[in-house]
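Trainee: Pasting in a structure now, in structure tokens, and then I'll have a few things to ask.
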Amino acid sequence: MDWLDNIIKTFFDFDAMWQVFPQLLGVGLVNTLVISIWATVIGIVLGMVIAIMGISKTRWLRIPARVYTDIFRGLPAILTILLIGQGFARFSQQLFGPSPYPLGILALSLIASAYMGEIFRAGIQSVERGQLEACRALGMSYGSAMRLVVVPQGVRRVLPALVNQFIAIVKDSSLVYFLGLLVSERELFRVGQDAAVLTGNLSPLVMAGLFYLVITVPLTHLVNYFDNRFRTGRRKATPPKSGLDEVEEQNQNSTTAMTYGSNT
Amino acid sequence: MTYTSPVPVTDGHFYEGSSLELQGLTMAYGDIEVLKDVSLTVAPGTTTCIIGPSGSGKSTLLRGVNRLHEPKSGSVRLADDDALALKPDVLRRRIGLVFQHFNLFPDHTALDNVALALRNVKGMSKKEAARVAAARLDEVGLAERADHRPRDLSGGQQQRVAIARALAMDPEVMMFDEATSALDPELVKGVLNLMANLAQRGMTMLVVTHEMGFARKVADQVVFMDEGRVVEAGTPDQIFDHPESPRLRRFLSEVL
């Protein structure tokens, strides 16, 4: 059983895993979550702007949104991260200091916003046209109608897709290490990788992988749960009832006189 | 929860409908003209029913009046104002529209459906808007359902919420676009009763309908449309008992 021993030593060396655990928890996990959550929040805000621009009647809003989306969805994440992270390094230094950390977040945000823009756009456009028309017929402005009625409905419909996007960001956040992070800024992958190089053993990386799974797997199941609930709804089956119940109720409740007797 | 109505709703509450006058109204979707040179006068406080086959331009006409779709040419006068010169949002506040498929806001309660535009458009406080909305719901017989969401209401109840929502804006004219076409047959009468009641209390109404009984009994004027034109207009007696044009006679022979 030599090969089994080998596999266990290479991937599941308990000592090596245990050694890196505190660093993964205290440094890696924290940074991964900070990067991912920031990128998600900025991505949501930018994505909403892109989505609203994308459904505008004005071509000069629609076209830039389209181009933006095409570019950041079309490029490999690593390329965007390197271009942004190194290209704007000097600019970032004046604002945030020497750390490339903020630029990593920015690059991830730009990528995320392109995807989220498409998600939001699909959600908003799936809301029946009658909703907007009902608002407009009441004298509400386009902006108010979108803000109060259409967008909230659209966003609710795409919540599962948004969670999926967050999962993608968590995974992509590992690419930020390319920009060269300070020791205290390392995310899960980098912490695992450093330990793996140091010990000449892959087990720390496996441990880092387990951390990713602890974040992503429960979220995946949360998405499925949401998805199911949205599809089937929360309604319980109700026994059949007579249409006359309501007619009776109407006749009792109605404060309006019955002026119009029959409709035949 | 129950709400008591602060306004007298039975006999005391009358509306002051305005006049509505269309002159040579022409509308198009792209290159296709769907409404051709329609002229129509609705006197204050009267009800005009528009009948005709699907695709004859009835709904388009209503959408032109409140400019959900901008007319291509012609004029619309609401009371003494040129409706096409007003800001669309201002015009729409003065004209209520009730849709075939209700178009209630699904994640708002009945009360919030009515209150939303009161707050957003009329700038009422939350409390004031809720008070007015409750009164309007009471008026359509739904005070007890104020905290229900649309999906927990029947079609008839939803449509009455939609009517309350439109009435809450204090419109000068109410327009109905096949308001009972999507309802359970047993619930149609209740909604028609409510509409008849509005008519009786002085609202100016422009009603697109397939309910010939309603048109005959409630309308002051009936307009028959086909192929985007007004074919014949007159009192219910003239239209239903003494139709002149062969097209209208044919239509009536098919539907009555």
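Trainee: Filter segment A:86-128 down to the residues that are over 18 Å from A:Val34 (Cβ atoms) and β-branched (Val, Ile, Thr) and list them by number.
Mentor: Passing the criteria: A:Ile119, A:Ile124, A:Val127.
Trainee: Could you figure out which of (1) within 30 Å of B:Lys87 (Cβ to Cβ); (2) surrounded by fewer than 18 Cβ atoms within 10 Å (Cβ to Cβ); (3) in contact (Cβ under 8 Å) with a residue 60 or more places away in the chain isn't true of A:Arg157?
Mentor: If we test A:Arg157 against (1) within 30 Å of B:Lys87 (Cβ to Cβ); (2) surrounded by fewer than 18 Cβ atoms within 10 Å (Cβ to Cβ); (3) in contact (Cβ under 8 Å) with a residue 60 or more places away in the chain, just (1) comes out false.
Trainee: Show me the helices (runs of 4 or more DSSP H) entirely contained within segment B:56-164 in which 1 or more residues are facing chain A (nearest Cβ under 10 Å) and modelled with pLDDT of 95 or more.
Mentor: B:58-65, B:88-94, B:110-120
Trainee: Hand me the list of helices (runs of 4 or more DSSP H) wholly inside segment A:1-54 holding 3 or more residues that are touching a residue at least 60 places away in the same chain (Cβ under 8 Å), touching a Phe, Trp or Tyr at 6+ places or on another chain (Cβ under 9 Å) and buried (at least 21 other Cβ atoms within 10 Å of the Cβ).
Mentor: Values: elements: A:2-11, A:14-23, A:30-54.
Ranges flagged: A:30-54.
Trainee: Still on this structure, please answer the following. Kindly list, by first and then second residue, each pair from a residue in segment B:201-218 that is more than 12 Å from chain A (Cβ to nearest Cβ) and over 22 Å from B:Ser56 (Cα atoms) to a residue that is assigned to a loop (DSSP other than H, G, I, E, B) and of a type in the set (A, V, I, L, M, F, W, C), limited to pairs with Cβ atoms under 6 Å and residues at least 6 apart or on different chains.
Mentor: Qualifying pairs under 6 Å: B:Gly202/B:Phe14.
Trainee: Select, from B:Ala168, B:Ala143, B:Ala135, B:Ala162, the only residue that is in contact with a Pro (Cβ under 7 Å, 6 or more places away or on another chain) and in contact (Cβ under 8 Å) with a residue 24 or more places away in the chain. Walk me through how you get there before you give the answer.
Mentor: Numbers: B:Ala168 fails: in contact with a Pro (Cβ under 7 Å, 6 or more places away or on another chain); B:Ala143 fails: in contact with a Pro (Cβ under 7 Å, 6 or more places away or on another chain); B:Ala162 fails: in contact with a Pro (Cβ under 7 Å, 6 or more places away or on another chain).
It is B:Ala135.
Trainee: Here's a follow-up. What's the total number of residues in segment B:133-152 that are of a type in the set (Lys, Arg) and in contact with a Ser or Thr (Cβ under 8 Å, 6 or more places away or on another chain)? Steps first, answer last, please.
Mentor: The initial filter retains those residues of segment B:133-152 that are of a type in the set (Lys, Arg), namely B:136, B:145, B:149, B:151.
Cutting the leftovers down to in contact with a Ser or Thr (Cβ under 8 Å, 6 or more places away or on another chain) gives us B:149.
Summing the residues that are of a type in the set (Lys, Arg) and in contact with a Ser or Thr (Cβ under 8 Å, 6 or more places away or on another chain) in segment B:133-152 gives 1.
Trainee: Next up: Taking B:Arg92, is it buried (at least 19 other Cβ atoms within 10 Å of the Cβ) and without any contact (Cβ under 8 Å) to a residue 60 or more places away in the chain?
Mentor: Details: buried (at least 19 other Cβ atoms within 10 Å of the Cβ): yes; without any contact (Cβ under 8 Å) to a residue 60 or more places away in the chain: yes.
Considered against the rule, which asks whether it is buried (at least 19 other Cβ atoms within 10 Å of the Cβ) and without any contact (Cβ under 8 Å) to a residue 60 or more places away in the chain, B:Arg92 comes out as yes.
Trainee: Considering only residues of segment A:211-250 that are modelled with pLDDT under 70 and more than 8 Å from every other protein chain (Cβ to nearest Cβ), which is surrounded by the most Cβ atoms within 10 Å (Cβ to Cβ)?
Mentor: Kept after step one, since they are modelled with pLDDT under 70, are these residues of segment A:211-250: A:230-236.
Of the ones still in play, those that are also more than 8 Å from every other protein chain (Cβ to nearest Cβ) are A:230-234, A:236.
Working: A:Phe230: 14, A:Arg231: 8, A:Thr232: 8, A:Gly233: 9, A:Arg234: 7, A:Lys236: 5.
Among them, the one singled out is A:Phe230.
Trainee: Strands (runs of 3 or more DSSP E) wholly in segment B:182-236 with at least 3 residues that are surrounded by fewer than 24 Cβ atoms within 10 Å (Cβ to Cβ) and either at pLDDT below 95 or among the hydrophobic types (A, V, I, L, M, F, W, C) (or both) - which ones? First the steps, then the outcome.
Mentor: Details: elements: B:204-208, B:221-226, B:229-234.
Output list reads B:229-234.
Trainee: Those residues that are among the aliphatic types (A, V, I, L, M) and in contact with a helix residue (DSSP H, G or I) (Cβ under 6 Å, 6 or more places away or on another chain), I need them from segment A:2-26; list them, please. Lay out the reasoning, then the answer.
Mentor: We begin by selecting, within segment A:2-26, every residue among the aliphatic types (A, V, I, L, M); these are A:4, A:7-8, A:16-17, A:20, A:24-25.
Result: A:Ala16, A:Met17, A:Val20, A:Leu24.
Trainee: Just checking, how many residues over segment B:104-131 are over 19 Å from A:Gln153 (Cα atoms) and either in contact with a strand residue (DSSP E or B) (Cβ under 7 Å, 6 or more places away or on another chain) or surrounded by 21 or more Cβ atoms within 10 Å (Cβ to Cβ) (or both)? Give the derivation first.
Mentor: At the first step, the residues of segment B:104-131 found to be over 19 Å from A:Gln153 (Cα atoms) are B:118-119, B:121-131.
Still in the list and also either in contact with a strand residue (DSSP E or B) (Cβ under 7 Å, 6 or more places away or on another chain) or surrounded by 21 or more Cβ atoms within 10 Å (Cβ to Cβ) (or both): B:118, B:129.
Summing the residues that are over 19 Å from A:Gln153 (Cα atoms) and either in contact with a strand residue (DSSP E or B) (Cβ under 7 Å, 6 or more places away or on another chain) or surrounded by 21 or more Cβ atoms within 10 Å (Cβ to Cβ) (or both) in segment B:104-131 gives 2.
Trainee: Any idea which of A:Val191, A:Val163, A:Val158, A:Val149 is within 14 Å of another protein chain (Cβ to nearest Cβ) and in contact with a helix residue (DSSP H, G or I) (Cβ under 7 Å, 6 or more places away or on another chain)?
Mentor: On the way: A:Val191 fails: within 14 Å of another protein chain (Cβ to nearest Cβ); A:Val163 fails: within 14 Å of another protein chain (Cβ to nearest Cβ); A:Val158 fails: within 14 Å of another protein chain (Cβ to nearest Cβ).
Result: A:Val149 is the single residue among A:Val191, A:Val163, A:Val158, A:Val149 that is within 14 Å of another protein chain (Cβ to nearest Cβ) and in contact with a helix residue (DSSP H, G or I) (Cβ under 7 Å, 6 or more places away or on another chain).
Trainee: What do you reckon, is B:Leu248 in contact with a strand residue (DSSP E or B) (Cβ under 8 Å, 6 or more places away or on another chain), under 26 Å from B:Ala164 (Cβ atoms) and buried (at least 16 other Cβ atoms within 10 Å of the Cβ)? Steps first, answer last, please.
Mentor: Working: in contact with a strand residue (DSSP E or B) (Cβ under 8 Å, 6 or more places away or on another chain): yes; under 26 Å from B:Ala164 (Cβ atoms): no; buried (at least 16 other Cβ atoms within 10 Å of the Cβ): yes.
Criteria not met by B:Leu248.
The values are calculated or read from the model by the stated rules, or taken from the named source; none is laboratory data. Not measured: the values here are computed from a predicted model. In this analysis, Cβ positions are derived from the backbone assuming ideal geometry, glycine residues included, and neighbour counts consider all displayed protein chains.
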